[in-house]
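Okay, so here's the structure we're looking at.
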Amino acid sequence: MSDVSLTVNGRRVSGNAEDRTLLVHFLREHLGLTGTHVGCDTSQCGACVVHVDGRAVKSCSMLAVQASGSTIVTIEGLADGAELHPVQAAFKEHHGLQCGFCTPGMIMTATDMIARHPQGLDEATVRAELDGNICRCTGYHNIVKAILAASETMAKGAKGRAKQAA
Amino acid sequence: MYSVNYHRAASVSDAAKLLKNGDAKLLSGGMTLIPAMKTRLAAPSDLVDVSRLKDLQGVKVSGKTVTIGAVTTHYDASTDEKLKKACPALAHMASLIGDPAVRYKGTIGGSIANNDPAADYPAALLALDATIVTNKREIAADKFFKGLFETALKEGEIITAVSFTAPAKAAYQKFRNPASRYAIVGVFVAKGKDGVRAAVTGAGEDGVFRSKEIEAALAKNFDVAALGGLKVSAKGLMSDIHASADYRANLIAVMAKRAVAAANA
């Protein structure tokens, strides 16, 4: 057993867990944050993607104790109160989901992808970057559309903020 | 997963001490080890995490010598400006490993210590005539990769870095399995001061290997035209549900041509 201390969605949390506890199980079962999903359990599907110290990683392929000391953002931490994060809003607007199981991972991957491409995204890049996220309902058409739209919205927002600051 | 004891090493020497616990294994990015433990293919009693050791992180370039710390992630290698300048082929190769989430965690040291027969880094390091630096000694890539999941590493030995001389020209091309995204065949070619080296991953029954046929063809003329009549023998190549040995032999020639074209582009 080890002590696991994390900052999750801005809140400092700690708990005691077996060393073999996966981060995803710690989030879901110890912290009750069930928005992060376990899909394949073999690190292929990406339903469990969360941000650890600003990087989108698969929480089913990492021990909770490995993450101890880190800052974590899960799907529950994206929205600002009742206001959806631009990527969440774009998935809603463009119907980027069907059953919704893969959606938390898709959105956490998308926010990371958009942050790494401040110059903007094109369809080929989005599809390549979704290599580690699997959707078994819809195909990827609307997911890609939603990510492209969110990328544009966020670029405009960033320009707007820069103007305000200037 | 079976029960395990986790330790976070404070230094390389601390890691070496902790490795003496039971059946301990080093943990770096964990992109192979953790899934293997989940399926109980691996069951170490202890894990010694070296991934946060600052001394083992990052890329250094001094003149023509490139040194990559053992726990440098694939993402950090693929985006490192110094590496992109000194050896763009290796940065590009790192950008092709796994998927973005895996590249954020997986490390060069972990990849080569595991020596998966379809991993990308072993081919690159063999073609670049790299040196693998451990806490005990330096090992030439030619002597390091010993077979399927086998390396020259001894009990308790810890990889700290990898170094090589930046090649004049190099490139990596791989043909991915459409489902697993692992290389069915990957070829890394490098033209350095001591000639041309070409290494093949994904195809050999004994893991990564140098292709004498490709090296001989390119020795005098590092050009796609020199590979026009290239015949690669299927002897010693893997045959499985993904591809026969003959198919892989043909793919080696195709990937070699693409790699040379990319290196000259």
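The values are calculated or read from the model by the stated rules, or taken from the named source; none is laboratory data. Computed from a predicted model, the values in this text were never measured in an experiment. Don't worry about glycine lacking a Cβ; one is built from the backbone with ideal geometry, like all the others, and counts go over all protein chains shown.
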Pairs where the first residue, in the range B:63-81, is within 12 Å of chain A (Cβ to nearest Cβ) and touching a residue at least 12 places away in the same chain (Cβ under 8 Å) and the second is outside any helix (DSSP H, G or I) and among the polar types (S, T, N, Q), C-beta under 7 Å, 6+ apart: B:73/B:107; B:78/B:95
Whichever residue in the range B:1-38 is more than 21 Å from residue B:115 (Cβ to Cβ) and charged (D, E, K, R) and, among such residues, is surrounded by the most Cβ atoms within 10 Å (Cβ to Cβ): B:8
Lone unmet requirement of (1) at pLDDT 95 or above; (2) surrounded by fewer than 18 Cβ atoms within 10 Å (Cβ to Cβ) for residue A:68: (2)
Considering the range B:138-160, residues that are touching a helix residue (DSSP H, G or I) at 6+ places or on another chain (Cβ under 7 Å) and in a strand (DSSP E or B), and then whichever is farthest from residue B:25 (Cα to Cα), we arrive at B:145
Tell me the residue from A:73, A:144, A:87 that is under 30 Å from residue A:18 (Cβ atoms) and at pLDDT 95 or above, please. A:73
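Which ranges mark the strands (runs of 3 or more DSSP E) fully within the range A:13-100 that have 1 or more residues being more than 29 Å from residue A:142 (Cα to Cα) and more than 10 Å from chain B (Cβ to nearest Cβ)? Outline the logic, then answer.
Working: elements: A:49-52, A:55-58, A:71-73.
Those strands (runs of 3 or more DSSP E) span A:71-73.
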Scan the range B:22-42 and give yes if some residue there is touching a His at 6+ places or on another chain (Cβ under 6 Å), free of Cβ contacts under 8 Å to residues at least 60 places away in the same chain and either away from chain A (no Cβ under 11 Å) or closer than 17 Å to residue B:72 by Cα (or both), otherwise no. no
Kindly provide the set of residues from the range A:148-160 that are aliphatic (A, V, I, L, M) and exposed (fewer than 13 other Cβ atoms within 10 Å of the Cβ), ordered by number. A:158
Could we say that residue B:102 is in contact (Cβ under 8 Å) with a residue 40 or more places away in the chain, touching a strand residue (DSSP E or B) at 6+ places or on another chain (Cβ under 7 Å) and within 14 Å of another protein chain (Cβ to nearest Cβ) here? no
Anything in the range B:90-103 that is surrounded by fewer than 24 Cβ atoms within 10 Å (Cβ to Cβ) and more than 15 Å from residue B:182 (Cβ to Cβ)? List them, or say none. B:91, B:92, B:95
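Rundown of residues vs (1) at positive phi; (2) surrounded by fewer than 17 Cβ atoms within 10 Å (Cβ to Cβ); (3) in a helix (DSSP H, G or I), yes/no style:
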residue	(1), (2), (3)
A:112	no, no, yes
A:120	yes, yes, no
A:126	no, no, yes
A:129	no, no, yes
A:137	no, yes, no
A:146	no, no, yes
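For residues that are in a loop (DSSP other than H, G, I, E, B) and over 17 Å from residue B:239 (Cβ atoms), scanning just the range B:181-202, find the one that is modelled with the lowest pLDDT.
From the range B:181-202, those in a loop (DSSP other than H, G, I, E, B) are B:181-182, B:193-194, B:202; that's our starting set.
Pick out the ones that are also over 17 Å from residue B:239 (Cβ atoms) and you get B:181, B:193-194.
Working: B:181: 85, B:193: 89, B:194: 89.
Among those that are in a loop (DSSP other than H, G, I, E, B) and over 17 Å from residue B:239 (Cβ atoms), it is B:181.
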Looking at the range B:89-98, which of its residues are away from every other protein chain (no Cβ under 14 Å) and in contact (Cβ under 8 Å) with a residue 40 or more places away in the chain? B:89, B:90, B:93
